[in-house]
Amino acid sequence: MAASIQLFDLAWSTPAGQPLLADLNLRFAARKTGLVGRNGVGKTTLLKLIAGELTPTRGRVAVAGTLGVLRQVVQVDPAKTIADLFGLTAGLRLLDCVESGEASEQELADADWTLEARLAEALNRVGLQTTPQTRLATLSGGQRTRASLAALLFADTDFLLLDEPTNNLDREGRRAVIDMLAAWRGGAIVVSHDRELLETMESIVELTSLGAKEYGGNWSTYREQKQLELAAAERDLADAEKKMAAVARDTQATRERQSRRAATGRKAGKRGGIPKIMIGGLKQNAEKTAAGNERLGEKLREQAANAAATARSRIEILQPFAVELPPTNLPASKIILKLESLSAGYDPEQPILQNLSFEVIGPERVAIAGPNGCGKTTLLNVITKKLEPSAGLIRVATDFALLDQQVSLLDPQQSIRDNFRRLNPVADENACRASLARFMFRADAALQIAGTLSGGQLLRAGLACVLGRETPPPLLLLDEPTNHLDIDSIEVVEAGLRAYDGALVVVSHDESFLQAIGITRRLTLPMVASS
């Protein structure tokens, strides 16, 4: 029987009884499927239901074949090794016994001489150079992710369930995951906001609060189909609004005709010649006709209004975000950031940044690249004066703002509106509200407490507070801004940064994001060898 995963009327609610997933009917064949949707819509929960880690509130999951699961956060037991992760500790120990001449005849028969070679091959497929004895606690988060992927490859399951497999990976690690999945011949369900990875998928399933819908093809094909849906929704809205206007005109015209007939009848009655009983009957018929016309008009108005509301809701979901920002007035020739022979790090004996020199002129957009651990965040900390260099010079010749992954410039106890007023004390209430509205924080949405926001909302609020001021800072520093954001949120951030005309210095491994914001230059930091 071919490997597959089927969902039958699947539903799940939180322990508090809040429905999250409802009436999902899907079939995942043995191909690579990207699972996308906004943060909090239930993507990770769906993977857990498929893996049997959660019990459905209603419905069922039918799995034909074996499953391998990669969780978003790889839990680490400090005592565990690569061999433990692969489940090969006993097998490798047996090989050691055989090689030392201590194995029995039965153990000789049970020994698998291919274990070491197959383990090395699996690690190599994800670009990880290590040994079976390496403790997981000594690996970085990205290395642990790669090791976990390698263990899934080694197990040779029928279906992979991968939850954000490229999060926290550097460029090399992302490439290794993409290459690994490209060579994978089984089925895979991949939760990801990495558009480069999603381009390699064979289908996309979009999960929303309304349910799930499958789109054939990769990410680009899915986006094209979504654009067609948007165009259709806009046409439906225009038609519904025209119908609403026509119903209103027809209803008004019917009322006016009915009023003229009633006036004519009253005049005829006053002149005499019509029996009173007939006048009463005519009046009753006219009232019935008027009431019927009103009911018909109300029904038509309700139908047209419902059609317009349905079309409008589809447009609100699908309409891409766009924003206009005030100019920074940054001269094209001004040197706004300069480093000369700079060395810095948290270990004075071995600085991670050594003899670094570069400058940013005018509204350049510079990506800071390099492998995990090469000092990219350290460089931002030096620029923002959170860390003093051990040698060399640094000069920042303009106002700047830093947006890190936690958007720590926002006070989590304050509302978005209060954060804006705190960071922009010269702005009055009208300017504050107008700036926040440009970033989709309108009316009561601006009163949300920062600490209650999702990752995407938090970054959007940070952008609103920094870029929404009367004159935005000419230099903006960003540290991995797309980590843990859904794609809709990433595209909102991209739209805001495209509208910004100042200089950008960005640490990011997300190539699609870097291209979307128009990076003009890259600074690649080398990995400093440990002594």
What net charge do the residues around ILE416 carry, taking every other residue with its C-beta under 13 Å from that of ILE416, with Lys and Arg at +1 and Asp and Glu at -1? +4
Need one word for segment 1-133: rounded, prolate or oblate. Basis is the Cα gyration tensor (sqrt eigenvalues a ≥ b ≥ c); a/c below 1.5 gives rounded, then a/b vs b/c decides. prolate
Sticking with the crude label model, points 7 Å out along Cα→Cβ, report the distance from ALA445 to ALA391 in nm, one decimal please. 5.1 nm
Just how large is the dipole of the chain about the Cα centre, in debye to the nearest 20, putting +1 at every Lys and Arg Cβ and -1 at every Asp and Glu Cβ? 4400 debye
Charge tally for neighbours of PRO473 with beta carbon under 14 Å away, counting Lys, Arg as +1 and Asp, Glu as -1, is -1
Å² per residue, accessible surface of the chain at 1.4 Å: 50 Å²
Scoring the chain by relative contact order with C-alpha pairs under 8 Å, at least six apart, yields a percentage of 14 percent
Restricting to DSSP loop positions (anything but H, G, I, E, B) with no more than 10 other Cβ atoms inside 10 Å of their own Cβ, which trypsin sites (Lys or Arg not before Pro) remain in segment 142-198? ARG185
quick note, the chain, DSSP beta bridge pairs, % antiparallel (nearest 5) is 50 percent
In degrees, nearest 10, the alpha-carbon axis of helix 141-155 is tilted away from the dominant principal axis of the alpha carbons of the chain by 90 degrees
Please report, as a whole percent, how much of the solvent-accessible surface of segment 1-81 comes from carbon and sulfur atoms (probe radius 1.4 Å). 51 percent
Helix 276-318 axis, angle to the chain major axis (alpha carbon atoms, nearest 10°): 20 degrees
Round to the nearest 10 and give me the degree value, 0 to 90, for the angle of helix 89-99's Cα axis relative to the longest principal axis of the chain. 20 degrees
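What GluC sites (Glu not before Pro) in segment 80-162 are in a loop by DSSP, with at most 11 other Cβ atoms within 10 Å of the Cβ?
For GluC sites (Glu not before Pro) across segment 80-162 that sit outside H, G, I, E and B with at most 11 neighbouring Cβ atoms in 10 Å, the list reads GLU102.
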Net +/- balance of residues flanking GLN133 in space, Cβ distance below 14 Å, scoring K and R +1, D and E -1: 0
Please work out which option in (1) 23.3, 86; (2) 24.9, 81; (3) 31.7, 129 gives Rg and Dmax of the Cα atoms in Å calculated from these coordinates, and answer with its label. (3)
For segment 85-218, the accessible surface attributable to carbon and sulfur atoms (probe 1.4 angstrom, ligands and nucleic acids excluded) amounts in percent to 47 percent
Give me the distance in nm between label points sitting 7 Å out from Cα along the Cα-to-Cβ direction at SER341 and THR66, one decimal. 6.0 nm
Per-residue [θ]222 nm for the chain (sum of -39500 (n - 2.57) over DSSP H runs n ≥ 4, rounded to 500): -14000 deg cm²/dmol
Filter the chymotrypsin sites (Phe, Trp or Tyr not before Pro) in segment 102-196 down to the DSSP loop ones having no more than 10 other Cβ atoms within 10 Å, then list what survives. TRP113
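The values are calculated or read from the model by the stated rules, or taken from the named source; none is laboratory data. Quick caveat: nothing in here was measured; it's all calculated off a predicted structure. FYI the Cβ positions are ideal-geometry reconstructions off the backbone, even for glycines, and counts take in every protein chain you see. Just the protein is used for accessible areas: all its heavy atoms, side chains included, with ligands, DNA and RNA removed. Shrake-Rupley method; radii C 1.70, N 1.55, O 1.52, S 1.80 Å.
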